[in-house]
1. When you scan region B:201-210, how many residues do you find that are within 7 Å of chain A (Cβ to nearest Cβ) and assigned to a helix (DSSP H, G or I)?
2. Could you tell me how many of the residues in region B:169-189 are facing chain A (nearest Cβ under 9 Å) and closer than 25 Å to residue B:70 by Cβ?
3. If you check residue B:105 against the conditions, is it under 21 Å from residue B:3 (Cα atoms) and in the same structural domain as residue B:21 (by TED's automatic domain parsing)?
4. So which residues in region A:211-225 are more than 7 Å from chain B (Cβ to nearest Cβ) and in a helix (DSSP H, G or I)?
5. Given (1) surrounded by 24 or more Cβ atoms within 10 Å (Cβ to Cβ); (2) free of Cβ contacts under 8 Å to residues at least 12 places away in the same chain, identify the lone condition not met by residue A:45.
6. Somewhere in region B:187-198, is a residue in contact (Cβ under 8 Å) with a residue 24 or more places away in the chain, over 24 Å from residue A:188 (Cα atoms) and not in a loop (DSSP other than H, G, I, E, B)?
7. How many residues are touching a residue at least 60 places away in the same chain (Cβ under 8 Å), under 24 Å from residue A:161 (Cα atoms) and under 22 Å from the mean Cα position of the chain (by Cα) if we restrict to region A:48-81?
8. Would you confirm whether or not region B:249-268 contains a residue that is outside any loop (DSSP other than H, G, I, E, B), within 30 Å of residue A:290 (Cβ to Cβ) and outside the structural domain of residue B:130 (by TED's automatic domain parsing)?
């Protein structure tokens, strides 16, 4: 058990990320008390059943009373409303943080509504699975992953350090950068990959010569790797694309340009150029394995046994 | 141990697929004898060290002498040359099969060079990992996967049944279809996903505002799921795109059209259309899990613990 870092942590939003933080904090004793809240009554009652917080509050502003750390873990498009909802309950000097996948637009919204008595440390844990909701969370979700903090005009050095300490205690490594740089980095490492995955899964569903059942049966040929991320939470992702529109459109333009070049290599049967590109991409995979951001088990260690 | 299905199986090409077949056949006793051959001397000597065949031949035509089944497991672009190389050694009535990811173009090439005394059953196991070479193979690779057979004018009913029996004994379910239909189905379920994965990994490597190290660190946000398939064998994939050019270009056209529509939804902030698409793609994921073609473990069961 690590040291207690906070007295009372309030977590607003008990989906995959919020419930994983709650579990991690309680399991590692990082706060004296963890109080949770979710806008959805069914999520609140499920969180109670699961016992992932010490207490589930019945409103956002009561949840945050006396909390020295408030973590808002809702879809990017709901962040502004959540900040408004907690405004009246916040204690003097409370640290407010959030976990959204987009930073610049969210920070602008939050700064407009967050009371002056609180400090604000925007953050983004680079962790997740294709599942959502309070049942999907687990304490180890952030283990060995990165968390990016993007300090803004309402952050203090001390508050950034305290939030960083929490993420480290949850198992993550912490990096700080500007909100704008975060949004470009995430556009290429996360938002565009998701967009493309959503797109290919949609395209495959619409090919009239190929049945849905064939797509599903033969998905082990590559397609299934895309379906995992295309199964991520629809509302969360809608909000990400709407809030990081400029960086996403910029990166999508580059992707499409490169794809057109690749299409041309195939049309003109430029085998040497194809092989050169494919060899280069293989090397990047090795770097990701070496950096500990994926497993080297073949096929992600997917089981190859079956019953018949 | 299953029944012995063949007397002597010759396997030409001892990479991931060939060496996995060899291991599976020996482990399950599906042939009295398994003789292997690979064009690369270093693969032959490694296969000897690994003991994955009963014997490693020093030429393709000696490998296939007296074999009642010959399996050619080489990149699609090398299939024609491999068929020429075995031609003089083939026994009367030998069944020749191969495992290429493209069928129509390969069949045309093979029919032009395969001696009349042999029958030919084109096949394609929908299984693989991002690793290649004789060390990467394992006997369970085909367990719970599909194998597609695409009978042609040189297949007989009995030969198709014997090859199907082999794949079933290796753990696969077998489906037959025409070569042309296979090439369309695989274009969308495998070739385009690989193409897109190669492309996004290439695009990410070239973004000048984002360092390579950032791409690698933050790859858990989605990018790493693409790098696995973008790490697949470069020569194999070069050949796939060159040999299935028409179907790949057709499907790529559809993908790009859909991507342009998605880009427009983002530009015009059509949140409802985005959410509708993302909800639809999530349902397809569920079907793949239910069909047993992927694991429902979050994050493919990737480990979330670490040492620090």
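The values are calculated or read from the model by the stated rules, or taken from the named source; none is laboratory data. The structure displayed is predicted, hence computed values, not measured ones. Positions of Cβ are generated from backbone atoms using ideal geometry, with glycine treated the same way; all protein chains shown enter the neighbour counts.
1. Going through region B:201-210 one residue at a time, the tally reaches 5.
2. Of the residues in region B:169-189, 5 are facing chain A (nearest Cβ under 9 Å) and closer than 25 Å to residue B:70 by Cβ.
3. In short, no.
4. Result: A:212, A:213.
5. (1)
6. Yes: region B:187-198 contains one or more residues that are in contact (Cβ under 8 Å) with a residue 24 or more places away in the chain, over 24 Å from residue A:188 (Cα atoms) and not in a loop (DSSP other than H, G, I, E, B).
7. 7
8. no
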